[in-house]
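Asks: Before we start, here is the structure in question, set down as structure tokens.
The values are calculated or read from the model by the stated rules, or taken from the named source; none is laboratory data. Because the structure is predicted, anything quoted here is derived from the model rather than measured. Here the Cβ is made from the backbone with ideal geometry for all residues, glycine too, and neighbour counts use every protein chain on show. These area figures cover heavy atoms from the full protein model, side chains too; ligands, DNA and RNA do not enter into them. Shrake-Rupley method; radii C 1.70, N 1.55, O 1.52, S 1.80 Å.
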Amino acid sequence: MNNLKLEHLPQEFELARPVLQTIEAAGYEAYFVGGSVRDTILGKKIHDVDIATSAYPEEVKRLFKRTVDTGIEHGTVMILDHGTGYETTTFRSESTYTDYRRPDQVTFVRSLAEDLKRRDFTINALAMKENGEVIDLFDGLADLSAKQLRAVGDPEQRFHEDALRMMRAVRFASQLDFTIVPATLTAIADHASLLAKIAVERTQVELLKLLQGQTPKRGLAAFMTTGLWQYCPEFSGHEASLNDLSERLSTGMSSETAAWSLLTTQFSLDASQISPFLKAWKTANQMITDVQATTTAARLLLERELQPWEVYQCGGERLTIANEVALILGAPDRGSQLATQWADLPIQSKKELAVTGRDLMQAGVQPGPQLGQDLQTLEQRVVCGELTNDASQLIAAIQ
Ligand code: ATP
Ligand code: MG
């Protein structure tokens, strides 16, 4: 056990101190816990402040005017204070996991040590008092200095209890640029197949964070060597591609769309294969549309420059993503060229076309499939600069 007292707390903690003080004044214990404590010690920006307390949810609710039951069955109450919400969770121990996912039963306890024991990694099992004093029961501070991820307690048991922790390990390796200690890494390799039991939406969150982390190489390398990749939907047959990526990817992807596009492009999926791939991962439909566009463009960029119509079809922000992906996979950087090509297009969307279907009907074109065809032809010819985007010229062209 180490001692550390932080003298200067980030603003987010300063603002939250009165919340802890209120809980303590009522005779309970309360601590800052989780990622915000870890990230503060690492000198990183924090995003949300989580609190753990010995007070039971009903007791927490009695102490504050405004609370929301965000996860009361797990002991979590959100305390609203000066416009900020603080997730406040009662100390708990988790018993028997029969399905490798969620504890069968959450038991509230009054002891911080019990609560910290059920946490995944030593660096995530730190607690901090309101005055900045850090409680470190599992040598998390030493692991933070050594930039190591180590499971709390027996790693084999911990991954057997909750298989998502294995994906969290590789995700943190990438996000924090940490190594996974050998015993923990071996335990992941031993239990990798249990990942198949985890809801794909939860695996997806970790995979995307991994690909957007600061050293995705590290995370991907562990994801590959432990065999976790084999238990991800639609990854089978792509081992070589994934290994190749783990060598190429020197910085994190800029967005979730970019992360998916990298995978689909690297796996050489065409537009029709992208839909079942992303559906297996349960992404939103808009993601499928976007990734189809970026992947089509990225695949072309690996061969050559884009033609105006191709620039138009990918469009806007998605061009930046296509370029980002193609660049990683070995294409030259065409970022500024694409930006110019996009800006120079006569129109950037169908809405800007000077005629509508109704205009064409008024000019005598029969309604039906031909009308749609005509409109698309006009759109394409305007984009390519063969026709001026002027209503009378476009109608004349059709007639
Ligand atoms: P992030 O910066 O991504 O929010 P985090 O460490 O705060 O990272 P959360 O998912 O917000 O991650 O979880 C908060 C804390 O809850 C973790 O730091 C860890 O102590 C604990 N925790 C989360 N998920 C698990 C899990 N599957 N098993 C054990 N402990 C967990
Ligand atoms: Mg968090």
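Asks: Would the range 320-397 count as rounded, prolate or oblate if I go by the C-alpha gyration tensor, calling it rounded below 1.5 in a/c and otherwise prolate when a/b exceeds b/c, oblate otherwise? Walk me through the numbers on the way to the answer.
Replies: Values: a/c = 3.88, a/b = 2.54, b/c = 1.53.
Here the range 320-397 falls in the prolate category.
Asks: On a 19 Å Cα-Cα criterion, which of the cross-link pairs LYS5/LYS129; LYS217/LYS282; LYS45/LYS209; LYS147/LYS217; LYS5/LYS44; LYS5/LYS65 come out too long? Walk me through the numbers on the way to the answer.
Replies: Details: LYS5/LYS129 9 Å; LYS217/LYS282 25 Å; LYS45/LYS209 16 Å; LYS147/LYS217 16 Å; LYS5/LYS44 17 Å; LYS5/LYS65 31 Å.
Long pairs (Cα-Cα over 19 Å): LYS217/LYS282; LYS5/LYS65.
Asks: Sticking with this one: Using a 1.4 Å probe, how large is the accessible area of THR76, given in Å² and rounded to the nearest 10?
Replies: So the heavy atoms of THR76 present about 20 Å² to solvent.
Asks: If you average the alpha carbon positions of the range 250-271 and of the range 114-135, how far apart do those two centres end up, in angstrom?
Replies: Centre-to-centre distance over Cα atoms comes out at 36 Å.
Asks: Stokes-Einstein D for the chain at 4 °C, 1.567 mPa s, Kirkwood Rh over Cα pairs, in µm²/s?
Replies: Working: Rh = 24.3 Å.
The calculation lands on 53 µm²/s.
Asks: Rounded to the nearest 10 degrees, what's the angle between the helix 239-248 long axis and the longest principal axis of the chain, both from Cα atoms, 0 to 90?
Replies: 80
Asks: Pick from THR89, THR294, THR67: which residue has the top mean-square fluctuation in a GNM of the chain where Cα pairs under 10 Å get a spring?
Replies: Highest fluctuation of the listed residues: THR67.
Asks: Quick one: how many Å² of SER268 are accessible to a 1.4 Å probe, rounded to 10?
Replies: Only protein atoms counted, so the area is about 70 Å².
Asks: Which order do HIS191, HIS74 take by accessible area at a 1.4 Å probe, largest first?
Replies: Values: HIS191 25, HIS74 80 Å².
Largest accessible area first, the list is HIS74, HIS191.
Asks: Continuing with this model, one more query. Divide by every residue of the chain the summed helix terms, -39500 (n - 2.57) for each DSSP H run of at least 4, and state the resulting mean residue ellipticity at 222 nm, rounded to the nearest 500 deg cm²/dmol.
Replies: Working: 20 runs with 199 residues, N = 399.
Calculated at 222 nm, the ellipticity per residue is -14500 deg cm²/dmol.
Asks: While we're looking at this one, here's another question. Mind checking the angle between helix 369-383 and the chain's longest principal axis? C-alpha axes, 0 to 90 degrees, to the nearest 10.
Replies: With both axes taken from Cα atoms, the answer is about 80 degrees.
Asks: Using only alpha carbons, build the gyration tensor for the range 1-146 and give me the equivalent ellipsoid semi-axes, biggest first, whole Å. Don't skip to the end; give the middle numbers.
Replies: Working: eigenvalues 97, 87, 34 Å².
They are 22, 21, 13 Å, listed from largest to smallest.
Asks: While we're looking at this one, here's another question. Kindly write out, for the range 211-219 in residue order, the coupling ³J(HN,Hα) from the Karplus curve 6.51 cos²θ - 1.76 cosθ + 1.60 (θ = phi - 60°), rounded to whole Hz, with x marking Gly and Pro.
Replies: Listing the rounded values in order: 5, 9, x, 6, 10, x, 3, 4, x Hz.
Asks: What percentage of the solvent-accessible surface of the range 253-345, computed with a 1.4 Å probe over protein heavy atoms, is contributed by carbon and sulfur atoms? Can you show the working numbers first?
Replies: Values: 1930 of 3970 Å².
Carbon plus sulfur share of accessible area: 49 percent.
Asks: Something else about it: Please state, as a whole number in µm²/s, the translational diffusion coefficient that the Stokes-Einstein equation yields for the range 115-160 at 20 °C and 1.002 mPa s, with Rh defined as the Kirkwood radius across alpha carbon pairs.
Replies: On the way: Rh = 10.9 Å.
Answer from the Stokes-Einstein relation: 197 µm²/s.
Asks: Oh, and also: Given that compact globular proteins tend to follow 2.2 N^0.38 Å, what is the ratio of the alpha-carbon Rg of the range 253-345 to that value?
Replies: 0.99
Asks: Provide the per residue accessible area, probe 1.4 Å, for the chain, rounded to a whole number of square angstrom. Please list the in-between numbers first.
Replies: Numbers: 18360 Å² over 399 residues.
Heavy-atom accessible area per residue stands at 46 Å².
Asks: Let me ask another. Please report how far the C-alpha centroid of the range 356-399 lies from that of the range 1-40, rounded to the nearest whole angstrom.
Replies: Distance between centres, Cα-based: 65 Å.
Asks: Whenever you get a sec, compute what percent of the accessible area on the range 53-127 sits on carbon and sulfur atoms (1.4 Å probe).
Replies: On the way: 1750 of 3620 Å².
Ligands and nucleic acids excluded, carbon and sulfur give 48 percent.
Asks: Percent relative contact order of the chain, based on C-alpha pairs within less than 8 angstrom and at least six residues apart? Don't skip to the end; give the middle numbers.
Replies: Details: 647 pairs, mean separation 37.0, N = 399.
9 percent.
Asks: Can I ask one more? Ordered by packing density, taken as the mean number of other Cβ atoms within 10 Å over each peptide's residues, highest first, how do 315-328, 295-308, 357-370 rank? Numbers along the way, then the final one.
Replies: Numbers: 315-328: 22.0, 295-308: 19.0, 357-370: 12.3.
By packing density, highest mean first, the sequence is 315-328, 295-308, 357-370.
Asks: Quick one: how many Å² of ARG158 are accessible to a 1.4 Å probe, rounded to 10?
Replies: Roughly 10 Å² of ARG158 is accessible to a 1.4 Å probe.
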